[in-house]
Amino acid sequence: MKFSEMTYTRPDMPALLAQMDQLTARLKAAASAGEQLAVFKEEEELSSHISTAASIAAIRHTVDTRDTFYSGEDEFWNEQYPLLSEKEQAFKEILFHSPFRPELEKELGSLLFKNIELDLKSFSPEIIPLKQEENRLCTEYQKLYASARIEFMGKTLTIAQLGPYKQDPDRAVRKAAMEAEGGFFDEHQAEFDEIYGKLVKNRTEQARKLGFENYVPLGFLRMGRNCYSPEDLDSFRSQVVQDLVPLTVKVKARQQKRLGLDSFKLYDDPLMFKDGSAKPQGTPEEIMAAGKKMYHELSSETAAFIDLMLDNELFDVLAKEGKAPGGYCTSLPDYKYPFIFSNFNGTSGDVDVLTHEAGHAFANYIADRGIEIAANRWPTMEGCETHSMSMEFLTAPWHHLFFGPMTGKYELSHAEDALTFIPYGCLVDHFQHEMYSHPDMTPEERNQTWARLEKLYRPYLDMEDLPFYGRGAGWQRQTHIYQNPFYYIDYCLAQVMSLQFFALSLEDRAKTWEKYMAFVRLGGTKTFIDLAHAVGLRSPIDEGCVKDVCQAAFAWTEAHLVE
């Protein structure tokens, strides 16, 4: 079924909540493991219906945030999700303490129960009003961001549409584009500051009601960290500063030399080559056609996957007025469909949609068809991001379909970006730890913290006198900081995994694809660390992994320099 043909009806929420209560009562009254398993599967089916309806509404809202009907549905789901969470928690509580748990673990896996334990610690009915307010604030931020209409070079542009100008070979144009973007954020400075201040206060209050000192440990639980500790992440960030940041300084020195500049400013950072960064060659339609060819040739599984996506309108990728910023992959579980949302803007990021977001979608496609228990289909987010970031590298033999004579430039810049991204991701994570460890910071103190940490993780950047960025507020462009706290470090861990797949693919692409498929087919049946080890890779948490993997990737860039 095509996405445009899918019907959406707002659920009868009182009836739905009553149905969940009935399932919980039946689970509690069950006289055997078999009876409880039957109820569990009924609950999963009901959750699939709920998730599908919510996803349809969310997609249509982000495609056009001005649509009043779906704006209303977005508000509805923001209010209802915490109520649903209360019912889900009650069901999980009974399951977790089941007298038949040993038998249930044999059928469902012990990891499912470990994850339930984390969920139970991170929610209480007492915080429902706060969760509802948190959802409203996140929507307010998204709408404010999406409302940007920036006058630039005779055009009215969204932030996504401004992207190509930030990579223009003309330095004056790049600087002007950064200034124009910064002007929007400066114009709405008070609003962005107020929304974030309210979010920090709200999340801190949730944490304290649940018995935590601040939101940091609660955020850790909500990200499902089930195989490593906060101290492990501290160690990971320290290894990045010690072993990777010096390499990124060399990468940026090379870039400055390529560009022929005597200084390196923030507005120089997006431009990879003097005559322009690598750009996709062709129209959006031609890019999508190249993606179809790529996946048809990569494997039989990816061929069936891409046909499903294209035949059923499961992409919405063109940037347009009213569209929410960013990109994502989500799921429509009743249909066993993924869906990809993005904002094409004529940069290499458009191709990343067909590799990164399609990596998520492909993993979704495989899990839906290969893993019976829905709760075991998805790993935690660093595992999910490994699916996507690795796909970016494993599709390398087809990059020429998108970039033609610029392929060498794209592959160099893509590898360089992978290295320089990791410190940036750690910067985002470290910043959030500071925000929630010191929730009473003023807006100015937040900006000072970002500016201080930026010097630690990206010492090569000069903000000059740019608006917005110059006052240390650049973090407000990063939607995850507002909407998905503590998510960003997952990208960093996954990038280290992707660089391992990259190195292996240079030796034997066929065997590496088999290893990747083995990783994907495991879904969420193992922890992140166990997933890595199960396919013969090192976990990024393993001592020395960051240094070894990143040095190998840096050496590849040194051997493949392009002017």
>> Return the residues of the range 115-136 that are over 23 Å from the mean Cα position of the chain (by Cα) and basic (Lys, Arg); say none if nothing qualifies.
In response: Lys121
> Can you tell me which residues in the range 523-544 are more than 13 Å from Asp232 (Cα to Cα), in a helix (DSSP H, G or I) and of a type outside the set (D, E, K, R)?
Replying inline: Phe528, Leu531, Ala532, His533, Ala534
>> Looking only at helices (runs of 4 or more DSSP H) that lie completely in the range 338-423, which have at least 2 residues being at pLDDT below 95 and more than 14 Å from the chain's Cα centre (by Cα)?
In response: 349-352
> How many of the residues in the range 424-462 are in a helix (DSSP H, G or I) and either open to solvent by less than 40 Å² (accessible area, probe 1.4 Å) or touching a helix residue (DSSP H, G or I) at 6+ places or on another chain (Cβ under 8 Å) (or both)?
Replying inline: 24
> Which condition does Arg254 not pass, out of (1) under 26 Å from the mean Cα position of the chain (by Cα); (2) open to solvent by 30 Å² or more (accessible area, probe 1.4 Å); (3) of a type in the set (Lys, Arg), if it passes all the others?
Replying inline: (1)
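Looking at this structure, is Arg101 open to solvent by 30 Å² or more (accessible area, probe 1.4 Å) and modelled with pLDDT of 95 or more?
Details: open to solvent by 30 Å² or more (accessible area, probe 1.4 Å): yes; modelled with pLDDT of 95 or more: yes.
The answer is yes for Arg101.
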>> Quick check on this structure: which one of Phe421, Phe402, Phe362 is open to solvent by less than 10 Å² (accessible area, probe 1.4 Å) and within 23 Å of Gln500 (Cβ to Cβ)?
In response: Phe362
>> Of the conditions (1) open to solvent by less than 20 Å² (accessible area, probe 1.4 Å); (2) assigned to a loop (DSSP other than H, G, I, E, B); (3) over 22 Å from Glu35 (Cβ atoms), Ile127 satisfies every one except a single condition; which number is it?
In response: (2)
> Which of the following residues is without any contact (Cβ under 8 Å) to a residue 40 or more places away in the chain and of a type outside the set (S, T, N, Q): Tyr424, Tyr436, Tyr365, Tyr410?
Replying inline: Tyr424
> Taking the range 283-325 as the search range and keeping residues that are modelled with pLDDT under 90 and small (Gly, Ala, Ser), which one is nearest to the chain's Cα centre (by Cα)?
Replying inline: Ala324
>> For the range 250-289, which positions are under 29 Å from Gln551 (Cβ atoms) and among the hydroxyl-bearing types (Ser, Thr, Tyr)?
In response: Ser263, Ser277
>> Among the listed residues Arg225, Arg237, identify the single one that is basic (Lys, Arg), crowded, with 17+ Cβ neighbours inside 10 Å and either within 27 Å of Ile127 (Cα to Cα) or touching a Leu at 6+ places or on another chain (Cβ under 6 Å) (or both).
In response: Arg225
> Before we move on, is Glu86 in contact (Cβ under 8 Å) with a residue 60 or more places away in the chain, assigned to a helix (DSSP H, G or I) and buried (at least 16 other Cβ atoms within 10 Å of the Cβ)?
Replying inline: no
> Pick from the range 49-83 the residues that are of a type in the set (Ser, Thr, Tyr) and assigned to a helix (DSSP H, G or I): which of them is nearest to Leu17 (Cα to Cα)?
Replying inline: Tyr81
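The values are calculated or read from the model by the stated rules, or taken from the named source; none is laboratory data. Source: prediction; values computed, not measured. Heads up, the Cβs are rebuilt from the backbone with ideal geometry, glycines too, and the neighbour counts pull from every protein chain shown. The protein model used for the area step is the full one, side chains on, heavy atoms only, and it has no ligands, DNA or RNA in it. Shrake-Rupley method; radii C 1.70, N 1.55, O 1.52, S 1.80 Å.
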